[in-house]
Amino acid sequence: MLRLPRSMRIFASTRWTDFRRDVDGLVRVVREDFGKDPCSGDLFCFFNCDRDRVKLLVWDRNGFWILSKRLERGRFEALGKRAPVIEIGREELVMILAGIDTRTSRFRRQFVRDVRMTPRAAADARSEGVAQ
């Protein structure tokens with residue numbers, strides 16, 4: 001299971017990447033093609049031309065991590081050609097890595113993706129009045 005903090009942004013390349021590249025080659029791709037800072041703590045995702053391998057590059061305080069996965073059968077989902085680089089959510093990355101087709105999956109109608117709890121002023125005033 002891959003755990004990613006909420007503060008981490010995930011950028012995925014929609015174009016294939018030459019997997020002979022090492023850390024320095026992928027850092028160069030992030031700087032030149034993505035236009036991003038590879039030391040920002042964001043996660044960068046690369047696929048090979050057959051889409052059966054993926055590399056994840058992330059900076060961790062004092063060095064780079066490369067996580068790699070090779071499928072024995074099948075392919076990873078194509079992300080489309082909307083742009084050379086797209087930002088995806090943590091859930092979408094986990095689904096792609098697990099082999100779930102994100103185009104056919106959908107959220108249920110009653111499901112709320114992002115809930116922010118804030119106290120209501122009226123409820124607070126009532127609870128203070130009852131306590132006195």
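Each value in this text was obtained by applying a stated rule to the coordinates, not by laboratory testing. Since the model is a prediction, treat every value here as computed from it, not as a measurement. Reconstructed Cβ throughout: ideal geometry from the backbone, glycine too, with neighbour counts over all protein chains shown.
Sequentially through the stretch 9-18, phi angles give Karplus couplings (6.51, -1.76, 1.60; θ = phi - 60°) of 9, 10, 10, 10, 7, 8, 9, 6, 10, 5 Hz, Gly and Pro residues having no value and appearing as x.
Among the GluC sites (Glu not before Pro) in the stretch 1-85, those located in a DSSP loop and surrounded by at most 14 other Cβ atoms within 10 Å of their own Cβ are GLU72. Rounded to the nearest whole Hz, the Karplus-based 3J(HN,Hα) values (6.51 cos²θ - 1.76 cosθ + 1.60, θ = phi - 60°) of the stretch 94-101 follow the sequence 4, 5, 5, 5, 8, x, 8, 6, with x at glycine and proline.
Report note on the peptides 18-27, 84-93: ranked by the mean count of other C-beta atoms within 10 Å, highest first, their order is 84-93, 18-27. Projected over every direction and averaged, the convex hull enclosing the alpha-carbon atoms of the stretch 10-108 yields 6.7 nm².
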